[in-house]
Amino acid sequence: MSNPDFLLYVVHAAFWGCFGLARVLFRTPAGVPSPGAGDSLATECTQTARFSRVLVAFHGVAFGVMYFGIANAVLPDRVPVWFAGQRIVGGCLIGGGAVLILWALVFFRSWRFRAKLDQGHQLATEGPFRLLRHPIYMGLNLLALGTAVWVPSAVVWIAFLLMVLGSDLRARSEETILAQAFGSTYAAYFRRTSRFIPGVY
């Protein structure tokens, strides 16, 4: 292969293929308990976070910038080289993000793109949710970080920052409605877990 950085497209396709397959295989209808719910209470009504569509759109902008940055560097074969093995490190970070998302979807089968709680929604506290409150968003952050390491251009690093900001805003939005829905149960869970990085943040 004359341009090995085209492999990044294969890695991204595998990431999204795994995500889509997991969504199909592990999706649970509203009201049916997920394996990761434990003995948590179920919501009694539907609730959607404020500005949830705007936050999803913001995340979409981050993805758009990332894929523009990839194309802008990979297609003309102008990927900056920061260190030997950056493709391997980037690929491992992306793979780690995929594993984290797959693990999360096994335990949280009612995940939605918008911050929305359907009637019967249960709080996921098992699997990766024992360690961090938003493993799916952290998986997306790892996808963006791995991509920025593989293609360390200014545009892709900006996309990574936008991804992290979008993930954080969406996480906070979800935490607000989860706190309203689950009260003291969620407050206790919130205190014993981190948002993205166990023991750090």
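No value in this document is a laboratory result; all are computed from the given coordinates. Fair warning: this is a prediction, and the values are worked out from it, not measured in the lab. No Cβ is skipped: glycine too gets one built from the backbone with ideal geometry, and neighbour counts run over all protein chains shown.
Values computed for the structure shown
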{"read-out": "Residues with amide H under 5 Å from that of H121, placed H, sequence gap 5 or more", "value": "G31, T43"}
{"read-out": "Listed peptides 137-148, 86-97 by packing density, highest first (mean Cβ within 10 Å)", "value": "137-148, 86-97"}
{"read-out": "Nitroxide proxy distance, nm - points 7 Å out along Cα→Cβ at I158 and R53", "value": "2.7 nm"}
{"read-out": "Residue-by-residue Karplus 3J(HN,Hα) for the stretch 129-140, coefficients 6.51, -1.76, 1.60, Hz, glycine and proline x", "value": "5, 5, 9, 8, 7, 9, x, 5, 5, 5, x, 5"}
{"read-out": "Cβ crowding within 10 Å averaged over residues, with 8-18, 151-161 ranked highest first", "value": "151-161, 8-18"}
{"read-out": "Pairwise label distance in nanometres, V24 with R130, each label 7 Å out on the Cα-Cβ vector", "value": "3.1 nm"}
